[in-house]
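The values are calculated or read from the model by the stated rules, or taken from the named source; none is laboratory data. On a predicted model such as this, the values are computed, not experimentally measured, just so you know. Cβ placement follows ideal geometry from the backbone for every residue including glycine, while neighbour counts extend to all protein chains displayed.
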Amino acid sequence: MKQTVKVILLIALGIFLLSRLLNGTLSFYIHPRFNVLILLTAVGLTALGIGYAIQQRRESAHVHEEDQEHEHAHEHAHSHDVSWAGLLLLALPVLLGLLVEPRPLGASALQNREINVGGSALTSSSAPEGSDLSVIANAGERNILDWLYLFQRSTDPANFNGEEAHVVGFVYRDERFADTQFMVSRFTVSCCVADAAPIGLIVEWPDTAVLTADSWVEVTGTLQAGTFNGVEMPVLVAESVAPTETPSQPYLYQ
């Protein structure tokens, strides 16, 4: 019985990982650089399960040719291959994956977390590492992480006055924001969601009140020196804020 359950779980786990890899939802949890390893793991688990199934079938055929005493000894020899606790541990990721809808981190995950915004942190003076980033020259193609990297290299927010920006992110607001302000936000990931760090740009937009928290938007406008929570920083004065779909890659990767 245990051997059959083990075969089913190994194949199910392999297929589960492969399905998450193919539909892109695996990137909600780990950096895409690990996709090849996940693919090899999925193929390996499936192959291992099939191998156990073939072995079990051969052993079953062999047992039928032996007497009852030998059959009992044979089963006893393999009874310690895997415990029910081990099978439950193997089944857990499959069960959770089927019961919990895969979703990327959003605004609810920002509560009580350090947020890098405008080159400064809302709750800490430390800034995320960005020395290895390749900053795109065309301002219209820079994402939020590119802009923050540039802000950190400048001591004067006015250096960016008049620069056009077009960024995509989700809406975040709390009690620190003025009525006409919100933050267009993303998470950066180096390895997996365990090290995800929220970042964002402060946006000035007169219709901020109509925006839904955690909704994804495209923001186009120009940068101007401004303040947020008493800190001077570049602020994106929006010319348009349009709703958009959640990107296939919701995180920005370092």
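Filtered by the rule that a residue be farther than 15 Å from ASP146 by Cβ and buried (at least 19 other Cβ atoms within 10 Å of the Cβ), the range 238-254 gives ALA238, VAL241, PRO250.
Per the listing ARG176, ARG142, the residue uniquely among the basic types (Lys, Arg) and in contact with a helix residue (DSSP H, G or I) (Cβ under 9 Å, 6 or more places away or on another chain) is ARG142. For the range 196-207, the condition of being in contact (Cβ under 8 Å) with a residue 60 or more places away in the chain, in contact with a His (Cβ under 9 Å, 6 or more places away or on another chain) and assigned to a loop (DSSP other than H, G, I, E, B) holds for none of the residues. Residue count for the range 152-175 under the criterion of being under 25 Å from the mean Cα position of the chain (by Cα) and either of a type in the set (S, T, N, Q) or surrounded by 14 or more Cβ atoms within 10 Å (Cβ to Cβ) (or both): the result is 10.
Scanning the range 176-223 for residues that are closer than 18 Å to ALA242 by Cα and small (Gly, Ala, Ser), we see that the one that is surrounded by the fewest Cβ atoms within 10 Å (Cβ to Cβ) is ALA209. Is the range 84-95 home to any residue that is under 24 Å from PRO250 (Cβ atoms), part of a helix (DSSP H, G or I) and modelled with pLDDT of 90 or more? No; the residues of the range 84-95 include none that is under 24 Å from PRO250 (Cβ atoms), part of a helix (DSSP H, G or I) and modelled with pLDDT of 90 or more.
Here GLY140 fulfils each of the conditions (1) modelled with pLDDT under 80; (2) in contact with a strand residue (DSSP E or B) (Cβ under 8 Å, 6 or more places away or on another chain); (3) surrounded by 14 or more Cβ atoms within 10 Å (Cβ to Cβ) apart from (3). Would the range 30-37 turn up any residue that is touching a Lys or Arg at 6+ places or on another chain (Cβ under 6 Å), among the aliphatic types (A, V, I, L, M) and either under 30 Å from ALA197 (Cα atoms) or at pLDDT 65 or above (or both)? No, that holds for no residue. Could you please find all residues in the range 234-254 being under 28 Å from the mean Cα position of the chain (by Cα) and not in a loop (DSSP other than H, G, I, E, B)? Result: PRO234, VAL235, LEU236, ALA238, SER240, VAL241, ALA242, PRO243, TYR251, LEU252, TYR253.
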